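First the structure, in the form of structure tokens, and then the observations on it.
The values are calculated or read from the model by the stated rules, or taken from the named source; none is laboratory data. As the structure is a computational prediction, the values presented were derived from the model and not from experiment. In this analysis, Cβ positions are derived from the backbone assuming ideal geometry, glycine residues included, and neighbour counts consider all displayed protein chains.
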Amino acid sequence: MNIQEIYDRYGEKMLGYLIMKLGSRTDAEDVLQEVFLRLARHSLRRRLVRNQAAYVLKAACNEANRFLECRLRDRAERAGVQDVREAIRDALSGPSPEAEDLAAKALAQIPAEQREVIVLKIFEGLTFKEIGSVCRVPLYTAASRYRNGIEKLRALLEESR
Amino acid sequence: MTKNVDPEEYLKKFTFRPVPPGLRDKIFPLVKKRRARAAFWTPLQWKAVAGFLILGVSAVLIDVGAARSQKARLAGLLNLPAVSVRENGGQEELLSEIWASRSDSAWIEERLKLEKKVAGREDRRELFLYLKEEFDGS
């Protein structure tokens with residue numbers, strides 16, 4: 001599968017994941033470009049992987065982490081909760097604009113690493129093992145992040161009722 | 001929304017919006033451009049290197065072919081037996097083979113003696129020149 005086909009098949013998921021992780025559409029688009037540059041460089045490795053979805057999401061995760069490290073080094077400010085909420089609202093498509101707003105509000109308020117695991121589990125359909133591999137954390141850490149995130153989301157959704 | 005909301009079920013109703021149509025045209029030309037800039041050698045340089053390699057290999061092959069044909073020609077002219085190239089130390093064996101096959105071995109023997117004499121004379125001449133230089137220098 002060449003990078004154009006990867007873009008066609010996983011581009012939407014990758015961009016959505018990056019928006020959720022970075023909390024900014026502009027940053028997500030910049031990072032997506034870096035991801036495709038890296039995928040183009042590693043053409044042989046790309047052909048050898050068995051789980052293509054997990055591999056491309058891992059590449060996106062690594063590139064996003066590199067981007068965040070650079071941000072930290074440059075002492076640039078991370079996106080605020082309001083910006084993250086806007087970005088998530090912009091990336092999600094739901095049953096109604098109110099529902100989208102509610103989901104974006106709740107997702108923006110939980111910690112980024114918990115949000116990342118929830119996105120990978122619910123939106124990308126990965127297993128905890130795959131999530132652990134993508135985020136470079138043990139399986140149990142991924143599972144506990146998910147559980148804690150879901151609990152927080154439950155509280156936030158019930159609160160905003 | 002009901003009181004006991006299940007976040008998993010709730011979030012499953014959502015999907016990511018499609019990628020904006022212009023993003024593809026933005027990403028791929030830039031990736032291509034940056035790949036070309038970061039390439040170890042440009043395509044033209046690769047072609048030049050390949051051309052030089054082909055030239056080098058052909059030169060070696062031509063040289064080996066020419067050496068073989070010359071050797072065969074020389075062997076034909078001197079009426080020498082067709083012998084293969086020997087490793088170091090095989091010269092004496094080769095010489096004895098040639099020696100045995102030649103009818104004019106006496107002539108060759110004389111010739112070798114003469115060569116030896118000339119070589120000895122050259123040695124003496126070099127020694128003389130060396131001593132002369134030493135003497136002149138002091």
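Being in contact (Cβ under 8 Å) with a residue 60 or more places away in the chain and farther than 21 Å from residue A:68 by Cβ is the requirement here; does residue A:116 meet it?
Values: in contact (Cβ under 8 Å) with a residue 60 or more places away in the chain: yes; farther than 21 Å from residue A:68 by Cβ: no.
It is false that residue A:116 is in contact (Cβ under 8 Å) with a residue 60 or more places away in the chain and farther than 21 Å from residue A:68 by Cβ.
Consider segment A:44-61. How many of its residues are assigned to a helix (DSSP H, G or I), surrounded by fewer than 17 Cβ atoms within 10 Å (Cβ to Cβ) and free of Cβ contacts under 8 Å to residues at least 40 places away in the same chain?
Initial filter on segment A:44-61 (assigned to a helix (DSSP H, G or I)): A:44-48, A:52-61.
Among the residues that remain, those that are also surrounded by fewer than 17 Cβ atoms within 10 Å (Cβ to Cβ) are: A:44-45, A:47-48, A:52.
Subset that is free of Cβ contacts under 8 Å to residues at least 40 places away in the same chain: A:44-45, A:48.
Qualifying residue count, segment A:44-61: 3.
Working only within segment A:1-29, note down all residues that are among the polar types (S, T, N, Q) and assigned to a helix (DSSP H, G or I). Walk me through it before giving the result.
Within segment A:1-29, the subset among the polar types (S, T, N, Q) is A:2, A:4, A:24, A:26.
Of everything in segment A:1-29, those that are among the polar types (S, T, N, Q) and assigned to a helix (DSSP H, G or I) turn out to be A:4, A:26.
Among the listed residues A:86, A:34, which satisfies the condition of being closer than 21 Å to residue B:34 by Cβ, touching a residue at least 12 places away in the same chain (Cβ under 8 Å), in contact with a helix residue (DSSP H, G or I) (Cβ under 9 Å, 6 or more places away or on another chain) and of a type in the set (D, E, K, R)? Explain how you work it out, then say what you get.
Values: A:86 fails: closer than 21 Å to residue B:34 by Cβ.
So the residue among A:86, A:34 that is closer than 21 Å to residue B:34 by Cβ, touching a residue at least 12 places away in the same chain (Cβ under 8 Å), in contact with a helix residue (DSSP H, G or I) (Cβ under 9 Å, 6 or more places away or on another chain) and of a type in the set (D, E, K, R) is A:34.
Which condition from (1) at pLDDT 90 or above; (2) farther than 16 Å from residue A:57 by Cβ; (3) surrounded by 19 or more Cβ atoms within 10 Å (Cβ to Cβ); (4) acidic (Asp, Glu) is the one that residue A:151 breaks?
(3)
Is segment A:55-66 home to any residue that is in contact with a Gly (Cβ under 6 Å, 6 or more places away or on another chain), within 14 Å of another protein chain (Cβ to nearest Cβ) and of a type in the set (A, V, I, L, M)?
Taking segment A:55-66 and keeping what is in contact with a Gly (Cβ under 6 Å, 6 or more places away or on another chain), we get none.
Within segment A:55-66, not a single residue is in contact with a Gly (Cβ under 6 Å, 6 or more places away or on another chain), within 14 Å of another protein chain (Cβ to nearest Cβ) and of a type in the set (A, V, I, L, M).
Out of A:119, A:134, which single residue is more than 16 Å from residue B:10 (Cβ to Cβ) and crowded, with 16+ Cβ neighbours inside 10 Å? Outline the logic, then answer.
Numbers: A:119 fails: more than 16 Å from residue B:10 (Cβ to Cβ).
From the options A:119, A:134, the qualifying one is A:134.
Contact list please: Cβ distance under 9 Å, first residue in segment A:147-161 and in contact (Cβ under 8 Å) with a residue 24 or more places away in the chain, second residue part of a helix (DSSP H, G or I) and aromatic (Phe, Trp, Tyr), pairs at least six apart or on different chains.
Every condition considered, the pairs that remain are A:153/B:10; A:157/B:10.
Of everything in segment B:18-29, what is at the interface with another protein chain (Cβ under 8 Å from one of its Cβ atoms) and more than 23 Å from residue B:46 (Cβ to Cβ)? Give them in sequence order. Lay out the reasoning, then the answer.
Step one: list which residues in segment B:18-29 are at the interface with another protein chain (Cβ under 8 Å from one of its Cβ atoms), which gives B:18-19, B:23-24, B:26-28.
If the condition is that a residue be at the interface with another protein chain (Cβ under 8 Å from one of its Cβ atoms) and more than 23 Å from residue B:46 (Cβ to Cβ), then B:18, B:19, B:23, B:24, B:26, B:27 are the ones that fit.
Please determine, by comparing only the residues of segment A:77-92 that are of a type in the set (Gly, Ala, Ser) and part of a helix (DSSP H, G or I), which one is nearest to the other protein chains (Cβ to nearest Cβ).
Start the filter on segment A:77-92 by keeping residues that are of a type in the set (Gly, Ala, Ser), which leaves A:79-80, A:87, A:91.
When the remaining residues are screened for being part of a helix (DSSP H, G or I), the result is A:87, A:91.
Details: A:87: 11, A:91: 6 Å.
Among residues in segment A:77-92 that are of a type in the set (Gly, Ala, Ser) and part of a helix (DSSP H, G or I), the one nearest to the other protein chains (Cβ to nearest Cβ) is A:91.
Return the pairs, sorted by first residue and then second, in which the second residue is aliphatic (A, V, I, L, M) and surrounded by 10 or more Cβ atoms within 10 Å (Cβ to Cβ), the first residue lies in segment B:31-49 and is within 14 Å of another protein chain (Cβ to nearest Cβ), the beta carbons are less than 8 Å apart, and the residues are 6+ apart or on different chains.
Listed pairs, sorted by first residue: B:31/A:3; B:31/A:37; B:31/A:40; B:34/A:37; B:35/A:37; B:35/A:40.
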